[in-house]
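Heads up: the structure comes next, in structure tokens.
The values are calculated or read from the model by the stated rules, or taken from the named source; none is laboratory data. Bear in mind the structure is a predicted one, so any value in this text is a computation, not a measurement. Counting neighbours? That spans all protein chains shown, and the Cβs are built from the backbone with ideal geometry, glycine included. Calculation scope for accessible area: heavy atoms of the full protein, side chains included, ligands and nucleic acids excluded. Shrake-Rupley method; radii C 1.70, N 1.55, O 1.52, S 1.80 Å.
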Amino acid sequence: MDFALSEELLILRDSVRKFAEKEIAPFADKWDEEHHWPREIIRKMGEMGLFGAIIPEQYGGTGMGWLAFVIATEEIARASSSLRVAFNMQTAGPGMAILLHGTEEQKKKYLPGLCSGELIGCFAITEPDAASDVMAMKTTAKKDGDSYILNGSKIWISNAQYADLALVYAYTNKEAGPKGMSAFLVELKNNPGIRCTALDKMGTRSSPTGEIAFEDARIPASALLDKEGRGAAYVFECLNRTRVSCAAGGVGVAQACLDAVTKYCTERKQFGQEIGQFQMNQEMIAQMTVEVEAARLLVYKAAWQKDQGNLGNTLETSMAKFFAGEVAQRASHMAMKIYGSYGYSPEYPVARYYRDAVLYQIVEGTANIQKMIIALDQLGYRKANK
Ligand code: GRA
């Protein structure tokens, strides 16, 4: 066992950190307030090779691997939780699905653009009545000659209103249950049957979120990913990748809270001394320090396993996602207590961290869903790892 990061990963971490501190952190509050999605920053992240870490060089990636991917995610989330969403929308979701199951033509057509950030991606699972209960989705895809006709509605889709390409899950044969779900690579623009509209949220406001409505939307039959009936396996496989990056995002937000309170505790004075001298604050600082490190180690372990070829490590991925979400939420709560009224003010980013942290207990499978996966595995009722 070796806990040291390689020279290559340390260089990556430092360069992403410098980029995020210079080009994201100073503007993150303003972008959040204005609900602004900085397209040019997504492009720069792509050009730096961040999205391509998990994609081989021949398709426009860098092939650095999952550990590199989560390290970069954490550093971006530390500056802006909103901007880390791009890692999942570009490559952890659609990009990897294409790499693993797409045709050579689909790989050549989409992967270089998803890596560089020239193409904007997203994935569409959730529906108004099918969120935790994925299999209850109602969207259908009916074969019609050389086309499929899509009908249904997807909700809470990151990037919906800007994405070029969506990985969409729909039933091609509802009666067949899990065997009747399929995955499609849908080009969202210039299709009269597809309507994308924006949704508002209380946090993560510089990450666009929306609805996608399919009304007799005709897509070419070549948009099918692999074969009909593979959708159920691919949807959970996809979540098993995106959840680890999401977990790294939670660590990034928690680290940002720890950075903020460390600075504030040694600057702010009350009762004639720095507030870091008060044991009640020290208790919170100690708690945050340990929890951030423990969450990071769970994320690294899950990413390391994926680098060993174990992409089906649902158990370790769910543990990382669950714990990082809890830690982000607790760290932001403690930061709020330490900052007091200033935490509640938009003058400091703590209020943003607090709003953003809540998301990690909801998105990519709620905290309860992760606990269910972990407990069912522990009890021997349903093995998590595939
Ligand atoms: O065996 P079978 O033929 O019946 O097929 C089943 C199973 O073998 C079928 O899927 C297969 N399967 C898998 N295949 C490959 C299940 N897991 C895997 C896997 N890991 N790999 C149905 O399985 P099931 O267990 O019967 O399904 P279920 O009971 O519905 O699933 C359980 C569970 C509740 C855990 C699942 O539905 C779940 O994870 N729900 C949470 C949904 C979720 O995470 N939604 C997130 C939406 S995406 C999002 O939030 C985007 C955020 C973007 C951002 O901002 O980052």
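Brief remarks follow.
- Residue within segment 253-265 that is within 14 Å of the ligand (Cβ to nearest atom), crowded, with 23+ Cβ neighbours inside 10 Å and either of a type in the set (A, V, I, L, M, F, W, C) or assigned to a helix (DSSP H, G or I) (or both) present: yes
- Among the residues making up segment 217-252, those that are surrounded by 19 or more Cβ atoms within 10 Å (Cβ to Cβ) and assigned to a strand (DSSP E or B) are Ala217, Ile219, Leu224.
- Here Pro208 meets each of (1) out of contact with any strand residue (DSSP E or B) (no Cβ under 7 Å at 6 or more places or on another chain); (2) crowded, with 17+ Cβ neighbours inside 10 Å; (3) touching a residue at least 24 places away in the same chain (Cβ under 8 Å) with one exception, condition (1).
- The residue that is nearest to the ligand (Cβ to nearest atom), among those in segment 85-124 that are within 13 Å of Asn159 (Cα to Cα) and part of a loop (DSSP other than H, G, I, E, B), is Ile120.
- Whenever a residue of segment 77-95 is outside the structural domain of Ile157 (by TED's automatic domain parsing), its partners that are open to solvent by 10 Å² or more (accessible area, probe 1.4 Å) and within 8 Å of the ligand (Cβ to nearest atom), lying with C-beta atoms within less than 6 angstrom and at least six residues away or across chains, give the pairs Val85/Ser158; Met89/Ser158; Gly93/Phe123; Pro94/Phe123.
Yes or no, residue by residue, for (1) open to solvent by 30 Å² or more (accessible area, probe 1.4 Å); (2) of a type in the set (Val, Ile, Thr); (3) in the same structural domain as Ser222 (by TED's automatic domain parsing):
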| residue | (1), (2), (3) |
| --- | --- |
| His101 | yes, no, no |
| Gln106 | no, no, no |
| Cys115 | no, no, no |
| Ser132 | yes, no, yes |
| Thr140 | yes, yes, yes |
| Ser147 | no, no, yes |
| Ser158 | no, no, yes |
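- Helices (runs of 4 or more DSSP H) completely within segment 1-81 that count 3 or more residues being under 20 Å from the mean Cα position of the chain (by Cα), farther than 14 Å from Gly117 by Cβ and of a type outside the set (D, E, K, R): 7-23, 66-79
- Candidates Thr262, Thr242, Thr289: the one that is without any contact (Cβ under 8 Å) to a residue 40 or more places away in the chain and in contact with a Gly (Cβ under 9 Å, 6 or more places away or on another chain) is Thr262.
- Enumeration of residues in segment 363-374 that are within 8 Å of the ligand (Cβ to nearest atom) and not charged (D, E, K, R): Val363, Gly365, Thr366, Ile369, Met372, Ile373
- Selection of helices (runs of 4 or more DSSP H) fully inside segment 281-360 by the criterion of at least 2 residues being surrounded by 22 or more Cβ atoms within 10 Å (Cβ to Cβ) and among the small types (Gly, Ala, Ser) returns 314-339.
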